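*Asks:* Submitted below is the structure of interest, expressed as structure tokens.
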Amino acid sequence: MKKLFFIYHYITHRLKAGNEHSIHSPFVYGLLMDVIYVKANFYPFKKIEKVREQLIDSKKTIHCIDLGAGKGKSINKKISRIAKHSAKSSKQAQLLFRLADHFQPSQIIELGTSLGISTAYLASANSKIQIITIEGCRETAEIAEQNFKHLKLKNIKQVVGNFDSVLPEILDECQNLDFVFFDGNHRKESTINYFNQCLEKSNEATVFVFDDIYWSDEMMEAWKEIKDNKRVTVTIDLFFMGIVFFRKEQAKQHFLIRF
Ligand SMILES: C[S@@+](CC[C@H](N)C(=O)[O-])C[C@H]1O[C@@H](n2cnc3c(N)ncnc32)[C@H](O)[C@@H]1O
């Protein structure tokens, strides 16, 4: 049933979404041409995809605690299964790299490290960017740590804990938020809660990226509430991800883009 729900919304999105030819906003047009639709293969991609392949080939099982939609359930999971189903696809993770490369945030907060694939892409955009990535499952975070060592990524600070308790502590120490990737705990209340906390530290140049905005009714409702927020001006809905901007000079507008 959930699969049908997803396919229905995917087809509807494909039918309604536009591309560079239907966009009149110079900011969004520039972003499409310079970032979203860029096909270049940047040099770190190959190394990170090799790590993904190794994870998919792994025969190991780890003990996982799901603090998100799994509501604290604890189960044994094959690393290969996590790599196949939880990590962002190469196409989407490479877009994260390009967004970080384009906006050059000094700091990125990521909610949901998992095995570290998206983190590795974000961190590879520039070694000067400081990434703080949060993961609730210790054994999963340990595999991510090994991957960061293997990739020689030194600009990542891992925090193991529940977003609910560690995000406020991280935000307390942060003056200005540049970039946040929300990729864990796909429940409406939690998503809105994390959004509101981050909003307090955001400014006109902050970029928020939300993963899986069509994952469930709850996530679609959360995405709508985010778009409706007074401080949000431009949003770009790519189906698998939603990008949020707070640019004051821009009239409020929501773009549905084929990606
Ligand atoms: C979809 S995965 C992240 C995938 C990763 N960003 C990538 O693309 O490679 C979401 C992760 O968030 C973690 N998570 C979910 N809810 C959480 C919570 N409340 N606190 C901490 N971690 C949580 C899960 O354990 C899971 O590993």
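Nothing in this text is a laboratory measurement; each read-out follows from the coordinates by a stated rule. Keep in mind that this is a model prediction, so the values were computed, not measured. Quick reminder, even Gly has a Cβ in these numbers, built from the backbone with ideal geometry, and neighbours come from all protein chains shown.
*Asks:* Assigning unit charges at the beta carbon (Lys, Arg +1; Asp, Glu -1) and nothing else, what dipole magnitude in debye, to the nearest 20, does the chain show about its Cα centre? All intermediate terms of the calculation are to be shown ahead of the outcome.
*Replies:* Values: 37 positive and 30 negative charges, 201 e Å.
Once rounded to the nearest 20, the dipole reads 960 debye.
*Asks:* Report, in deg cm²/dmol and to the nearest 500, the calculated mean residue ellipticity at 222 nm for the chain, where each DSSP H run with n ≥ 4 adds -39500 (n - 2.57) and the sum is divided by the residue count.
*Replies:* Details: 10 runs with 111 residues, N = 259.
Taken over the chain, the calculation gives -13000 deg cm²/dmol.
*Asks:* Strictly over 27 Å apart at the Cα level, which of Lys84/Lys252; Lys2/Lys84; Lys2/Lys47; Lys16/Lys88 would you flag in this model? Each step should come with its number before you reach the end.
*Replies:* Details: Lys84/Lys252 37 Å; Lys2/Lys84 18 Å; Lys2/Lys47 34 Å; Lys16/Lys88 24 Å.
Checking Cα-Cα distances, Lys84/Lys252; Lys2/Lys47 exceed 27 Å.
*Asks:* Cα atoms only: what Rg and Dmax, in Å, come out for the chain?
*Replies:* Computed over the Cα atoms of the chain, radius of gyration and Dmax are 17.5, 52 Å.
*Asks:* Using the Cα centre as the reference, give the magnitude of the dipole from point charges on the C-beta atoms of region 1-125 (Lys, Arg: +1; Asp, Glu: -1; all else neutral), rounded to the nearest 20 debye. Intermediate values should be presented prior to the final figure.
*Replies:* On the way: 20 positive and 8 negative charges, 157 e Å.
Its charge dipole is roughly 760 debye.
*Asks:* If you average the alpha carbon positions of region 197-259 and of region 146-172, how far apart do those two centres end up, in angstrom?
*Replies:* Their Cα centres are 23 Å away from one another.
*Asks:* Give, in nm to one decimal, the length gained when the segment between Gln250 and Met33 is fully stretched (0.36 nm per residue of separation minus the Cα-Cα distance). It would help to have the intermediate numbers written out before the result.
*Replies:* Details: separation 217, 0.36 × 217 = 78.12 nm, distance 1.87 nm.
Using 0.36 nm per residue and subtracting the Cα-Cα distance, I get 76.3 nm.
*Asks:* If you don't mind, there's one more thing I want to ask. Modelling each spin label as a point 7 Å along the Cα-to-Cβ direction, I'd like the Asp164/Tyr43 distance in nm, to one decimal.
*Replies:* The answer from the label model is 4.5 nm.
*Asks:* Still on this structure, I have one more. Using unit Cβ charges (K, R positive; D, E negative) and no other charged atoms, how large, in debye to the nearest 20, is the dipole of region 35-104 about its Cα centre?
*Replies:* On the way: 16 positive and 5 negative charges, 53 e Å.
Dipole of region 35-104, to the nearest 20 debye: 260 debye.
*Asks:* Now a separate question. Using +1 at the C-beta of Lys and Arg and -1 at the C-beta of Asp and Glu, which of Phe259, Ala205, Ile170 has the Cα lying farthest in the positive direction of the dipole of the chain?
*Replies:* Phe259
*Asks:* While we're on this one: How large is log10 of I(q)/I(0) for region 25-141 at q = 0.17 Å⁻¹ when the intensity is taken from the Debye formula with one equal scatterer per alpha-carbon?
*Replies:* So the normalised log intensities are -0.89.
*Asks:* With a 10 Å Cβ neighbour count serving as the proxy for reagent exposure, in which order, fewest first, do Glu218, Glu249 appear? Don't jump to the answer; show the numbers that get you there.
*Replies:* Details: Glu218 16, Glu249 7.
Ranking Glu218, Glu249 by Cβ neighbours within 10 Å, fewest first, gives Glu249, Glu218.
*Asks:* With springs only between Cα atoms under 10 Å, which of Ile132, Ile75, Ile109 fluctuates most in a Gaussian network model of the chain?
*Replies:* Evaluated over the chain, the most mobile residue of the options is Ile75.
*Asks:* Sort Cys174, Cys137 by Cβ crowding within 10 Å, fewest neighbours at the top. Before the final figure, lay out the partial values.
*Replies:* Values: Cys174 14, Cys137 24.
Neighbour counts put them in this order, fewest first: Cys174, Cys137.
*Asks:* Kindly put Met241, Met220, Met33 in sequence by how many other C-beta atoms sit within 10 Å of each C-beta, fewest to most.
*Replies:* Working: Met241 22, Met220 15, Met33 12.
Least crowded to most crowded, the residues run Met33, Met220, Met241.
*Asks:* Related question: Report the paramagnetic label zone for His9: residues of region 32-62 whose backbone N is under 14 Å from a point 7 Å from Cα along the Cα-to-Cβ axis.
*Replies:* Answer for this model: none.
*Asks:* Write down the Kirkwood hydrodynamic radius of region 89-167, to one decimal in angstroms, obtained as one divided by the mean of 1/r over all alpha carbon pairs.
*Replies:* On the way: mean 1/r = 0.0807 Å⁻¹.
With all distinct Cα pairs of region 89-167 included, I get 12.4 Å.
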